[in-house]
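The values are calculated or read from the model by the stated rules, or taken from the named source; none is laboratory data. Keep in mind the model is a prediction, meaning the values are calculated, not measured. Cβ placement follows ideal geometry from the backbone for every residue including glycine, while neighbour counts extend to all protein chains displayed. These area figures cover heavy atoms from the full protein model, side chains too; ligands, DNA and RNA do not enter into them. Shrake-Rupley method; radii C 1.70, N 1.55, O 1.52, S 1.80 Å.
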Amino acid sequence: TRETVLNEIEWWARDFEKSPVFWLNGLAGTGKSTIAQTVSERVFADGLLGASFFCSRDFEDRSDIHLIFPTLAFQLAHKYPTFRSVLVPLLRSNPDIVHESLMSQMEELIVEPLKSADVWTVIVIDALDECKDEEPSSAILSVLGRFVEQIPKVKFFITGRPEPRINAGFRLPLLVDSTNVFILHDVHPSLINSDIRLFLKHELSEVARRHRLERWPSDEHIDLLCCRAGGLFVYAVATVRFLDSRIHLPKRRLEVIVNLPECTAHEGKTRFNPKSKTTLDLLYTSILKVAFSEDEEDMEVDCKVRSTIGAVVLVVNPLPPSGIAELTGLDPNEVTQFLMLLQSLLAFDEDSSRPVKPFHKSFPDFITDPSRCTDTRFWVSPKVLHLELAMNCLRVMNDGLERNLLSLPDYALNSEVEDLEARTDDRISDALRYACRSWHSHLTKTEGDVADVIPLLRVFLEEKFLAWLEVVSVLGAVGGAIVALERLIPWVHEELLDIARDYSHFVATFFEPISVSATHIYHSALELSPLSSIVRRRY
């Protein structure tokens with residue numbers, strides 16, 4: 001599928017007389033990342049792929065805008081010896097360059113080595129809109145515009161939704177004339193429908209073969225599904241995943257989709273084909289209702305389902321089923337059952353310890369938006385669930401942290417402990433690891449009534465703080481710990497001042513010396529473990 005689009009991109013990638021930047025602009029569900037993956041494979045086969053970065057808000061490191069240029073530089077150094085010969089001495093002379101501004105990163109890690117390397121190459125950046133960026137115009141695109149003319153032998157293939165800051169970035173004077181823009185959702189509906197039809201026929205024939213179904217589905221069913229997809233490949237993919245159930249009969253599930261009410265309500269809602277009769281939102285709602293029958297409504301079960309979904313769509317980094325169960329405090333078998341029922345919406349393998357993720361980012365967008373997910377049984381309120389996740393993180397840490405959890409020798413360098421990785425895997429569960437790294441991310445996103453979190457936070461700060469520093473040290477996450485403390489102080493002043501003034505004062509006086517001396521903590525904690533004696537001596 002998408003041969004017309006792919007051929008145009010390939011033609012651009014091979015012709016270095018054409019614009020150095022290509023923006024594949026498309027709304028959610030139009031197939032940008034799949035195209036980016038195929039483009040990467042094709043230019044790799046041609047020997048032109050220098051580096052790639054696939055942004056994803058599902059992972060903390062892949063949504064960090066400051067990791068894009070260092071990652072690209074690392075890959076380019078592997079690919080081109082001449083690039084490596086320039087980059088390595090630079091890193092030796094200035095190892096902190098990876099922590100400097102994007103401007104400095106681009107110039108020193110990418111531009112200068114590429115000038116010396118003098119190679120023809122293509123760099124792919126997918127889903128740029130999924131990186132955290134506070135600038136009104138994309139910071140990456142602003143920097144790229146300043147340097148792109150200095151490296152004429154390098155091409156940048158970038159995909160992203162047409163969000164305001166991405167639009168503004170590509171409209172910058174330094175970049176606008178250097179960019180070829182292809183708008184996926186402006187492709188003629190007949191071409192998109194032809195591709196979706198081809199995809200549905202191929203995938204559903206495989207479903208029929210596995211379930212030993214003859215003459216299924218009919219051409220009329222394919223026509224209807226194609227029409228209802230409305231130009232959204234993600235709709236077609238979600239439909240196939242829903243029909244391909246190991247428990248339910250595909251014919252019965254197809255009837256559910258066929259009998260969906262016609263709707264032209266709202267985006268998710270996006271309908272590129274004006275003849276489209278239904279929406280992605282209706283499909284997601286129907287899948288949820290089939291998974292959790294309205295005849296079996298139970299407020300306690302609904303609450304557990306929301307907690308499970310929240311632990312998939314709101315976490316900073318995805319967790320495996322066992323980690324979700326421990327973090328939420330739910331029974332592991334119950335969590336696995338919920339995830340199995342939601343299998344058509346999630347990347348989940350019940351026989352695996354791999355992390356569980358939404359199969360597409362449109363599902364978190366839907367499930368956290370009350371104007372789209374109108375069934376309150378399933379709507380995941382970020383405000384409520386972030387507070388719940390924060391409290392769960394604190395509970396897991398308060399229960400699981402103890403001094404010298406890994407039984408390491410006093411004053412030993414982490415690098416001197418030969419079996420450090422084995423000890424870490426054995427004694428620090430996925431949930432505890434996640435809680436130690438990410439508790440502050442959830443806590444600082446809570447609003448309103450946060451009184452219930454105070455007792456848990458007090459125990460953590462008064463009794464578990466030093467043990468937490470030990471764990472983040474062996475996890476190599478001390479830099480993140482400094483960020484956690486720096487973010488916590490203003491949150492405490494803003495959210496807790498009126499609730500517990502004495503407690504707020506305690507936290508502020510406890511943390512401010514640490515915040516002021518963050519650099520000292522960082523260098524001490526980075527290598528030395530356990531840290532209890534160090535922290536006690538200094539503070």
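A few comments on the model shown:
- Pairs, first acidic (Asp, Glu) in region 179-197, second surrounded by 14 or more Cβ atoms within 10 Å (Cβ to Cβ), C-beta under 6 Å, six or more apart: Asp195/Thr1; Asp195/Arg2
- Between Val453, Val459, the distinction of being open to solvent by less than 20 Å² (accessible area, probe 1.4 Å) and in contact with a helix residue (DSSP H, G or I) (Cβ under 6 Å, 6 or more places away or on another chain) belongs to Val453 only.
- Near pairs, Cβ below 6 angstrom, 6+ apart or cross-chain, from region 367-389 (closer than 20 Å to Trp439 by Cβ and open to solvent by less than 30 Å² (accessible area, probe 1.4 Å)) to any residue that is at pLDDT 90 or above and of a type in the set (Lys, Arg): Val380/Arg306; His386/Lys445
- Scan of region 96-111 for residues that are surrounded by 13 or more Cβ atoms within 10 Å (Cβ to Cβ) and among the polar types (S, T, N, Q), ordered by number: Ser104, Gln105
- Region 175-193 - residue that is β-branched (Val, Ile, Thr) and farther than 22 Å from Ile151 by Cβ and, of those, modelled with the highest pLDDT: Ile183
- Subset of region 21-34 that is among the hydrophobic types (A, V, I, L, M, F, W, C) and modelled with pLDDT under 95 - its residue that is surrounded by the fewest Cβ atoms within 10 Å (Cβ to Cβ): Leu27
- Out of Ser85, Ser104, one residue alone is over 22 Å from the mean Cα position of the chain (by Cα), polar (S, T, N, Q), in a helix (DSSP H, G or I) and over 24 Å from Asp177 (Cα atoms). It is Ser85.
This table checks each residue for (1) touching a helix residue (DSSP H, G or I) at 6+ places or on another chain (Cβ under 9 Å); (2) of a type in the set (S, T, N, Q); (3) farther than 19 Å from Ala36 by Cβ.
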{"position": "Trp120", "(1), (2), (3)": "no, no, yes"}
{"position": "Ile123", "(1), (2), (3)": "yes, no, no"}
{"position": "Ala139", "(1), (2), (3)": "yes, no, yes"}
{"position": "Ser142", "(1), (2), (3)": "yes, yes, yes"}
{"position": "Arg146", "(1), (2), (3)": "yes, no, yes"}
{"position": "Pro152", "(1), (2), (3)": "no, no, yes"}
{"position": "Arg171", "(1), (2), (3)": "no, no, yes"}
{"position": "Asp186", "(1), (2), (3)": "no, no, no"}
{"position": "Ile192", "(1), (2), (3)": "yes, no, no"}
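- Test for Arg209: is it on the phi < 0 side of the Ramachandran plot, modelled with pLDDT of 90 or more, within 27 Å of the chain's Cα centre (by Cα) and not aliphatic (A, V, I, L, M): no
- Output for region 63-82, where each listed residue is within 28 Å of the chain's Cα centre (by Cα) and without any contact (Cβ under 8 Å) to a residue 40 or more places away in the chain: His66, Leu67, Pro70, Thr71, Phe74, Gln75, Ala77, His78
- Qualifying residue in region 107-122 (condition: within 26 Å of the chain's Cα centre (by Cα), within 30 Å of His360 (Cβ to Cβ) and in contact (Cβ under 8 Å) with a residue 60 or more places away in the chain): yes
- Qualifying residue in region 388-397 (condition: over 25 Å from the mean Cα position of the chain (by Cα) and of a type outside the set (Ser, Thr, Tyr)): no
- Whichever residue in region 313-326 is assigned to a helix (DSSP H, G or I) and open to solvent by 10 Å² or more (accessible area, probe 1.4 Å) and, among such residues, is nearest to Arg57 (Cα to Cα): Val313
- Qualifying positions in region 398-441 - among the aromatic types (Phe, Trp, Tyr) and either open to solvent by less than 70 Å² (accessible area, probe 1.4 Å) or closer than 26 Å to Gly329 by Cα (or both): Tyr434, Trp439
- If the condition is being open to solvent by 60 Å² or more (accessible area, probe 1.4 Å) and either over 12 Å from Thr1 (Cβ atoms) or touching a His at 6+ places or on another chain (Cβ under 7 Å) (or both), then region 184-205 contributes Asp186, His188, Ser190.
- Candidates Ser93, Ser52, filtered to the one that is more than 20 Å from Arg146 (Cβ to Cβ), of a type in the set (Gly, Ala, Ser) and surrounded by fewer than 17 Cβ atoms within 10 Å (Cβ to Cβ): Ser93
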